[in-house]
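Novice: One structure follows; several queries about it will come next.
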């Protein structure tokens, strides 16, 4: 495992704050991957189709469309569990990275994403991956309060922030959401936002209806 990689992005948000939406909007870029080991070689068009189909078919309790840290970096037999809730490897917690995780850490073309739901996890993770990029969600409480089953989740104070801060209030407006994603594409040096702009609008419209 290459712990010096700068291709891992820690996405730091409390549960219910919409972190997976941002991850997926970035993951459809040709410069990144979605959070599933079977999808890492998908094209942008294949990823867009996959996500819209999964979202359209989403019924019952929200399950992040079957995507996540474990589904990308761990054991698929543990899909839907929180076994990868903390970073692994050097800290000897959780489970070892799978072959996909090792492969992603040793390449230089595509970013991949890892979720941090609290400050302790973020703080420990950055010790393991000192060159990781970070995205921090702010102003989360209003958005979380409108989602069923997340009333116990609250804002997290991040003690180390980067220039990649997602203002969760942007989710209340489609234009603000699209502009926010575009700003992240620019800051991450992703060159293909024009290929995903209209798709993000469609994805947002369907997503916001499903989660509320």
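Novice: Looking only at the stretch 106-125, how many residues end up being buried (at least 16 other Cβ atoms within 10 Å of the Cβ) and in contact with a strand residue (DSSP E or B) (Cβ under 7 Å, 6 or more places away or on another chain)?
Specialist: Total meeting the criteria: 8.
Novice: Also, I was wondering about something else. For the stretch 17-38, what are the residues that are surrounded by fewer than 22 Cβ atoms within 10 Å (Cβ to Cβ), touching a residue at least 12 places away in the same chain (Cβ under 8 Å) and farther than 15 Å from residue 114 by Cα?
Specialist: Within the stretch 17-38, 30, 31 qualify.
Novice: Kindly indicate which of 51, 65, 72 is surrounded by 17 or more Cβ atoms within 10 Å (Cβ to Cβ) and either out of contact with any helix residue (DSSP H, G or I) (no Cβ under 7 Å at 6 or more places or on another chain) or modelled with pLDDT of 95 or more (or both).
Specialist: Only one candidate passes the filter, namely 51.
Novice: Identify, please: which residue in the stretch 177-190 is surrounded by fewer than 13 Cβ atoms within 10 Å (Cβ to Cβ) and touching a helix residue (DSSP H, G or I) at 6+ places or on another chain (Cβ under 8 Å) and is, among those, nearest to residue 43 (Cα to Cα)?
Specialist: Only one residue tops the list, namely 186.
Novice: Can you find, within the stretch 146-166, the residue that is farthest from residue 14 (Cα to Cα) among those that are modelled with pLDDT of 90 or more and exposed (fewer than 13 other Cβ atoms within 10 Å of the Cβ)?
Specialist: If we take residues in the stretch 146-166 being modelled with pLDDT of 90 or more and exposed (fewer than 13 other Cβ atoms within 10 Å of the Cβ), then 159 is farthest from residue 14 (Cα to Cα).
Novice: Any idea which of (1) part of a helix (DSSP H, G or I); (2) at positive phi is the one residue 16 doesn't satisfy?
Specialist: Of the numbered conditions (1) part of a helix (DSSP H, G or I); (2) at positive phi, the odd one out for residue 16 is (1).
The values are calculated or read from the model by the stated rules, or taken from the named source; none is laboratory data. Treat the numbers as computed from the prediction; the structure is a model and nothing was measured. Cβ coordinates were reconstructed from backbone atoms using ideal geometry, including for glycine residues, and neighbour counts include every protein chain displayed.
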